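Have a look at the structure below, then the notes.
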Amino acid sequence: MTEERFDHLRWPFFGDTDRTAAAGIEGWARRELPRIASDNQGDVESMVRSIAASLGAGGLLPAAQAELPSCRHLCLVREVLAYHNPLADFAFAMQGLGSAPLMLAGDKRVRERFLPSAGRGEAVTAFAISEADAGSDVAAITTTARRDGDDWILNGEKTWISNGGLAGWYVVLARTGEAPGSRGLTLFVVEAAAEGFDCVERIETMSPHPLGRLRFENCLIPDVQRIGEPGQGFKISMRVLDLFRPSVAAAALGFARRAFDEVLAHVKARTLFGTTLGELQMTQAAIAAMATDIDAAALLTYRAAWSNDTSGERNSLPSAMAKWNATESAQRVIDRALQLFGARGLVTGHIVERLYRDVRALRIYEGSSEIQQLVIARSVLGRA
Ligand SMILES: Cc1cc2nc3c(=O)[nH]c(=O)nc-3n(C[C@H](O)[C@H](O)[C@H](O)COP(=O)(O)OP(=O)(O)OC[C@H]3O[C@@H](n4cnc5c(N)ncnc54)[C@H](O)[C@@H]3O)c2cc1C
């Protein structure tokens, strides 16, 4: 681990276990990703399945562990995977997001039934909260689950669901009505094969990302597939998102580092006006801004992860700062990198062109930049 992009592993947030994990995932990425990419030839869905299976075979997925990994571990893994390949980061994150509610709050039967296949990467998983009219406003969810003896009957639609149409099972947040708003929601595991369940639309986005719209029509789910107590679904979902939010920042950091490494090599090699691009002072100003953005994002990201792992309390403020800063600054870094590549950076398939598209969604999902700003401001005002 001699590369400069691993310098931060010397920071006091990390121990030997973290350093070993980062080295392990870097080794996996270098060994496995070229083969997986060549086997799947740009087929996004089979890429995701192959990556999940390979991570699973290596025992690298969260559900393969006895308990949820630390936030620092999740962040380091996502940073490394995002550096190498956005779908590798995506596949790892989704196996974690789909499994975490069960690991945190599922009873023994639900854990034993669903987690082993997720841990081996055989079943791809999904976490379905958003609806057409309930994105940032999660409390507006209208998908219902009505009790019927030992079962629940689900009706409604979810949209923008990662791995929609691909997942073997979905963790779904539905309104059960114990109390108004967010206190009347419950989580369930819904198998892809369940009667009354369908992925009714595949949604194409600017960067490859399996995304679907799900429909529940009198979909019968046994009570054993409920996760946690009725009415606790929002709380459990927020615990999951608290753990994973810093890891979105880490993924953004991985994208930014990749763009930075690519552009450093380019500005040293590119000659113009009798010198190299890197010798021009305006280039140096851009490089200084990128380097500082990256370090600031890394500091906020791993401060949030460390505090999540060690404080024993909700970690909304540092997590929101990390996610907001790292995703916005990664966009800036990649934009600057593209500018320095000139026309080359715009060519379809160029790595910086791809990163420019890949990073965009991170400012929207798992709490948009505006929502993170609200969390930060309310927390700071509440303390004042
Ligand atoms: C690639 C991708 C993958 C996704 N995967 C999943 C998934 O797996 N599971 C899932 O459940 N969801 C998923 N989502 C959905 C995602 O969580 C929502 O898109 C997100 O919560 C925002 O909701 P929205 O799109 O409905 O936007 P809206 O909530 O309509 O927001 C629109 C705009 O208004 C801003 N805004 C909202 N509230 C305020 C406010 N109070 N003040 C100021 N501005 C505000 C927002 O920041 C945003 O810019 C995914 C989205 C994307 C893009």
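Please specify each residue of region 16-63 satisfying the condition of being basic (Lys, Arg) and more than 19 Å from the chain's Cα centre (by Cα). Break it down stepwise before answering.
Keep residues of region 16-63 that are basic (Lys, Arg), which gives 19, 30-31, 35, 49.
Result: Arg19, Arg30, Arg31, Arg35.
Does at least one position in region 316-328 carry a residue that is away from the ligand (no atom under 15 Å from the Cβ) and more than 30 Å from Ile129 (Cα to Cα)?
First, the residues of region 316-328 that are away from the ligand (no atom under 15 Å from the Cβ): 316-319, 321-322, 325-326.
Now restrict to residues that are more than 30 Å from Ile129 (Cα to Cα): none.
No, there is no match, as no residue in region 316-328 is away from the ligand (no atom under 15 Å from the Cβ) and more than 30 Å from Ile129 (Cα to Cα).
In region 360-380, how many residues are within 11 Å of the ligand (Cβ to nearest atom) and in contact (Cβ under 8 Å) with a residue 40 or more places away in the chain?
Here the count works out to 13.
Please go through region 254-290 and give me each residue that is assigned to a helix (DSSP H, G or I) and basic (Lys, Arg), ordered by number.
The answer is Arg257, Arg258, Lys268.
What about Ala179, is it surrounded by fewer than 24 Cβ atoms within 10 Å (Cβ to Cβ), modelled with pLDDT of 95 or more and either closer than 29 Å to Leu74 by Cβ or touching a Gly at 6+ places or on another chain (Cβ under 8 Å) (or both)?
Details: surrounded by fewer than 24 Cβ atoms within 10 Å (Cβ to Cβ): yes; modelled with pLDDT of 95 or more: yes; either closer than 29 Å to Leu74 by Cβ or touching a Gly at 6+ places or on another chain (Cβ under 8 Å) (or both): yes.
Here the answer is yes, as Ala179 does meet what is asked.
I want to confirm something. Restricting to region 133-145 and keeping residues that are free of Cβ contacts under 8 Å to residues at least 12 places away in the same chain and either out of contact with any helix residue (DSSP H, G or I) (no Cβ under 8 Å at 6 or more places or on another chain) or assigned to a helix (DSSP H, G or I) (or both), which single residue is farthest from Ala179 (Cα to Cα)? Even if it seems obvious, please write down each step before you answer.
Within region 133-145, the first condition is being free of Cβ contacts under 8 Å to residues at least 12 places away in the same chain, and the residues that meet it are 133-134, 137, 140.
Then keep just the ones that are either out of contact with any helix residue (DSSP H, G or I) (no Cβ under 8 Å at 6 or more places or on another chain) or assigned to a helix (DSSP H, G or I) (or both); that gives 137, 140.
Values: Asp137: 17, Ala140: 13 Å.
Ranking the candidates gives Asp137 first.
So how many residues does region 128-152 have that are buried (at least 17 other Cβ atoms within 10 Å of the Cβ) and of a type in the set (A, V, I, L, M)?
Looking only at that region, the number is 6.
Taking strands (runs of 3 or more DSSP E) that do not extend beyond region 162-248, which have at least 3 residues that are within 14 Å of the ligand (Cβ to nearest atom), at negative phi and within 18 Å of the chain's Cα centre (by Cα)? Outline the logic, then answer.
Values: elements: 169-175, 185-191, 197-202, 211-222.
Here the list reads 169-175.
Examine region 206-225 for a residue that is of a type in the set (Gly, Ala, Ser), touching a residue at least 12 places away in the same chain (Cβ under 8 Å) and within 30 Å of Val172 (Cβ to Cβ), and state whether such a residue exists. Spell out how you get there, then give the answer.
Residues of region 206-225 that are of a type in the set (Gly, Ala, Ser), as a first pass: 207, 212.
From what's left, touching a residue at least 12 places away in the same chain (Cβ under 8 Å): 207, 212.
Subsequent filtering for residues that are within 30 Å of Val172 (Cβ to Cβ) retains 207, 212.
Checked against the condition, which is being of a type in the set (Gly, Ala, Ser), touching a residue at least 12 places away in the same chain (Cβ under 8 Å) and within 30 Å of Val172 (Cβ to Cβ), region 206-225 yields at least one hit.
Please find, within region 111-127, the residue that is surrounded by the fewest Cβ atoms within 10 Å (Cβ to Cβ) out of those that are aliphatic (A, V, I, L, M) and more than 11 Å from Ala100 (Cα to Cα).
Residues of region 111-127 that are aliphatic (A, V, I, L, M), as a first pass: 115, 118, 123-124, 126.
Filter again for more than 11 Å from Ala100 (Cα to Cα), leaving 123-124.
Numbers: Ala123: 23, Val124: 25.
So the residue we want is Ala123.
Take the residues in region 297-317 that are without any contact (Cβ under 8 Å) to a residue 60 or more places away in the chain and crowded, with 22+ Cβ neighbours inside 10 Å, then tell me which one is nearest to Arg357 (Cα to Cα).
Checked region 297-317; the qualifying residue nearest to Arg357 (Cα to Cα) is Ala297.
Any residue at all in region 332-352 that is assigned by TED's automatic domain parsing to the domain that holds Val267, under 19 Å from Thr205 (Cα atoms) and under 16 Å from the mean Cα position of the chain (by Cα)?
no
The values are calculated or read from the model by the stated rules, or taken from the named source; none is laboratory data. Computed from a predicted structure; not experimentally measured. Using ideal geometry, Cβ is built from the backbone for each residue, glycine included, and neighbour counts are taken over all protein chains shown.
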